[in-house]
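The values are calculated or read from the model by the stated rules, or taken from the named source; none is laboratory data. Only a predicted model underlies this, so the values are computations on that prediction, with no experimental measurement involved. Here Cβ is always computed from backbone atoms with ideal geometry, including for glycine, and neighbour counts include all displayed protein chains.
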Amino acid sequence: MKVTANFPVDRAASATSLEDAHRRHSRLRLEDLAKSSRVAFKLTEPEEVAELALEGIRAGRFWILPESEAGDERVRARMEGILARRNPVLPD
């Protein structure tokens, strides 16, 4: 996303740099969280997320999840735990 409305050119470039810095920082925080939780984790690029979302909307799906056996198993285990009224297991 490029921010240009109501900003002089130099401020717009600065805003874009801030957005990029925030995006990099957020990505690093997510990677650190995944490592500390011992969860296999792959970040999906925004363009890929947008494409998956559009495909899901066009297909009329409410739950829009990427196809993944590992992801499906995590969702299944979490739902079974919720239905069994078990507390989540926190990583050490």
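Beta carbons closer than 6 Å, at least 6 apart along the sequence or on distinct chains, pair a first residue in segment 44-68 that is farther than 26 Å from LEU28 by Cβ and not assigned by TED's automatic domain parsing to the domain that holds LEU28 with a second that is surrounded by 11 or more Cβ atoms within 10 Å (Cβ to Cβ) and not aromatic (Phe, Trp, Tyr) for GLY56/ILE64. Take the conditions (1) surrounded by 10 or more Cβ atoms within 10 Å (Cβ to Cβ); (2) not in a helix (DSSP H, G or I); PHE62 misses just one of them, which is (1). Annotation note: of ALA50, ALA77, the sole residue that is within 12 Å of the chain's Cα centre (by Cα), in a helix (DSSP H, G or I) and aliphatic (A, V, I, L, M) is ALA50.
I'd like the full set of residues that are within 16 Å of LEU65 (Cα to Cα) and at pLDDT 80 or above, limited to segment 3-53. The answer is THR44, GLU45, PRO46, GLU47, GLU48, VAL49, ALA50, GLU51, LEU52, ALA53.
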